[in-house]
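J.: Can you keep this structure in mind? I'll have questions shortly.
Where a number appears in this text, it was derived from the coordinates with a stated rule and is not lab data. Keep in mind that this is a model prediction, so the values were computed, not measured. Note that we place each Cβ from the backbone using ideal geometry, even for glycine, and neighbour counts take in every protein chain shown.
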Amino acid sequence: MPDASAHCERPLAVRCGAFGDMVLLTALIRVLHARFHSPVDIVTSGPWSEPLLRGQPGVGDIWSVRSRKTPYWLSLDQQRLVRRLRARGVGPTWYCDGSDAARPLLARAGIAEEFIVDVKDHPLLPGEHATGQWRRFAQILPAALATQATPTTVESRDAGLAAVTPGCYLQVGEAQRVDLEGWLRDRDLAAAPLILVQIGNKRTMRRGLRRLAVNHKYWPNERWAEVLRQVRLLNPDHAIVLLGTGPEYALNQEVAALANIARLYNAADDLPISRLVALLARGAGLITVDSGPAHAAAAVGCPLVVLFGKALPSLYRPWGTAGADVKVLCGEVGGQPDMLGIEAHSVIKAWSHLKLRGDVHRPMRTAWGD
């Protein structure tokens, strides 16, 4: 067990979430960083968290586990995490998971309950956005610190909060920009204004079936193809880049074949997280399903049209500190929220009114007369 005298002043945040969840978490990280004047260490899972958060303002050490459900004695990465947390020392901890799967790891590391603030004890308020919840949650002190707090320390911790703009924020580093520019040059895209399109999502290719009931973010290929054709008419000078991960490459190819337009590029086979974020920061605008890239786009100031299915836009609408234009579309089928209720002409209409980065977009009439 760790030495009870070992103490760490740096805040620790535990969040084992998807790509979009980790982008949203930047709202909490930035507040904790401002209040404690110290980097925030992160415990997480998934291959996206480290390349997404490494080097971001306010982020300290990042420790990742592959699975929180594997028995501890079988999991070398869980054991490694516990050793590192013990060496780090006990300190204020914000537990941001709805599941208790990672709580035993904190207990093994000797982090007592009085040092932990658990999000389940501070549920979402009516109408509250996810970033608003994280901002509020970051201002709640663990019991161990609350009992030690004095008016002076409270005032000191709150002093920097007003300077933290609400919403998500991602910073693109110089190395990311250099990598992206080389990547664009190799594809003869360095001088082109870019329109980005995210068709798939993490469930798109699960078990090879896109129409499964579990995939609430599926939108038909034919509608995507129609959107791409209309975007090409609206923006003749732009290159259109299809985003995604490796498994989404084939899906993008299917849609590209249906659209049959010029200067359409499928980049799903060559977009690591750091390059994707830099590309979003470079793009004129994005059309996407509700997804991690949607939140990342808002976090770097990329204007976007986002299609929602069953998720609540009031909770998960992309919201970045730069205040980029965001158009949210929702549909219904049988009286229930459903992305399949969104028609292609609605997407085109929203796109035609989106304020693109650089003001290079000039709305035109579409085939539907909008």
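J.: Output the antiparallel fraction of DSSP beta bridges having both residues in the chain, as a percent to the nearest 5.
T.: Numbers: 2 of 38 bridges.
Of those bridges, close to 5 percent are antiparallel.
J.: Under a crude label model (7 Å from the Cα following the beta-carbon direction), how far is residue 325 from residue 77 in nanometres?
T.: 4.1
J.: Using the Cβ atoms and a cut-off under 11 Å, what net charge is assigned to the surroundings of residue 290, where Lys and Arg are +1 and Asp and Glu are -1?
T.: Once positives and negatives cancel, what remains is +3.
J.: Sticking with this structure for a sec: Counting DSSP beta bridges with both partners in region 176-352, what percentage is antiparallel, nearest 5? Provide the component values of the computation, followed by the final result.
T.: Values: 2 of 22 bridges.
Percent antiparallel among DSSP bridges in region 176-352 is about 10.
J.: Give the long-range amide H neighbours of residue 168: residues separated by 5 or more places, or on another chain, with amide H under 5 Å away, using H modelled in the peptide plane at 1.01 Å from N.
T.: Here 319, 320, 321 satisfy the definition.
J.: Then there's this: Placing +1 at every Lys and Arg Cβ and -1 at every Asp and Glu Cβ, with all other atoms neutral, what dipole size does region 176-352 have around its Cα centre, in debye to the nearest 20?
T.: The dipole of region 176-352 has a size of about 320 debye.
J.: Treating cross-link reach as a plain straight distance, find the lysines whose alpha-carbon is under 22 Å from the alpha-carbon of residue 349, omitting any fewer than eight places away in the same chain.
T.: Counting by Cα, and skipping residues close in sequence, residue 349 has these lysines nearby: 217, 310, 327.
J.: Further question on the same structure: What does the charge count near residue 41 come to, summing +1 for each Lys or Arg and -1 for each Asp or Glu among other residues with Cβ under 13 Å from its Cβ?
T.: Result for the neighbourhood of residue 41: +2.
J.: Further question: What is the packing order of peptides 64-72, 287-295, taking the mean over residues of other C-beta atoms within 10 Å and listing the highest first?
T.: 287-295, 64-72
J.: Separate question: Near the amide H of residue 287, under 5 Å away, which other amide H atoms are found, from residues 5 or more places off or on another chain, if H is placed in the peptide plane?
T.: Excluding prolines and chain starts, which carry no amide H, the hits are 196, 197, 198, 305.
J.: Give the peptides 302-314, 226-238 in descending order of average Cβ contacts within 10 Å, highest first.
T.: Put in order of decreasing packing, that is 302-314, 226-238.
J.: Shifting gears a bit: Compute the angle between helix 174-186 and the longest alpha-carbon principal axis of the chain, please, reported from 0 to 90 degrees and rounded to the nearest 10.
T.: On a 0 to 90 degree scale, this one is about 20.
J.: Can you work out the FRET efficiency for the pair residue 37 and residue 188, with r the C-beta to C-beta distance and R0 = 51 Å, to the nearest 0.05?
T.: Once the sixth-power term is evaluated, E becomes 0.65.
J.: Can you compute the label reach from residue 315? Point 7 Å from Cα along the Cβ direction, backbone N cut-off under 17 Å, restricted to region 267-298.
T.: Under 17 Å, as judged by backbone N against the label point of residue 315, lie 290-292, 295 of region 267-298.
J.: Pairing the Cα long axis of helix 76-88 with the longest principal axis of the chain, what angle in degrees results, from 0 to 90 and rounded to the nearest 10?
T.: Once rounded, one gets 50 degrees.
J.: Could you calculate the FRET efficiency of residue 260 with residue 233 from 1/(1 + (r/R0)^6), where r is the beta carbon distance between them and R0 is 22 Å, rounded to 0.05? Intermediate results must be reported in sequence, preceding the final value.
T.: Numbers: r = 13 Å, r/R0 = 0.60.
Efficiency, rounded to the nearest 0.05: 0.95.
J.: Extension gain residue 139-residue 87, at 0.36 nm per residue separation less the Cα-Cα distance, in nm?
T.: Result: 16.1 nm gained on full extension.
J.: Taking the Cα-to-Cβ direction at residue 54 and at residue 333 and moving 7 Å from each Cα, how far apart do the two end points lie in nm?
T.: For residue 54 paired with residue 333, the spin-label model returns 4.0 nm.
J.: Can you show me the helix-derived [θ] at 222 nm for the chain, built from DSSP H runs with n ≥ 4 at -39,500 (n - 2.57) apiece and divided by the number of residues, rounded to the nearest 500.
T.: One gets -10500 deg cm²/dmol as the mean residue ellipticity at 222 nm.
J.: For the chain, with a Gaussian network of springs between Cα atoms less than 10 Å apart, report the residue from 76, 242, 12 with the top mean-square fluctuation.
T.: 76
J.: Cα centroids of region 238-286 and region 4-46: how far apart, whole angstrom?
T.: 31
J.: Any idea what diffusion coefficient the chain gets from Stokes-Einstein, in µm²/s, Kirkwood Rh on alpha carbon pairs, 4 °C, 1.567 mPa s?
T.: Using the Kirkwood radius from Cα pairs, D works out to 59 µm²/s.
J.: At a Förster radius of 35 Å, what calculated FRET efficiency corresponds to the Cβ-Cβ distance of residue 125 and residue 181, to the nearest 0.05?
T.: The calculated FRET efficiency here is 0.20.
J.: Now for a different question. Net charge around residue 129, counting only other residues with Cβ within less than 13 Å of its Cβ (Lys, Arg = +1; Asp, Glu = -1)? Mind dumping the intermediate values first?
T.: On the way: positive: 135, 136, 317; negative: 128.
Combined, the nearby Lys, Arg, Asp and Glu give +2.
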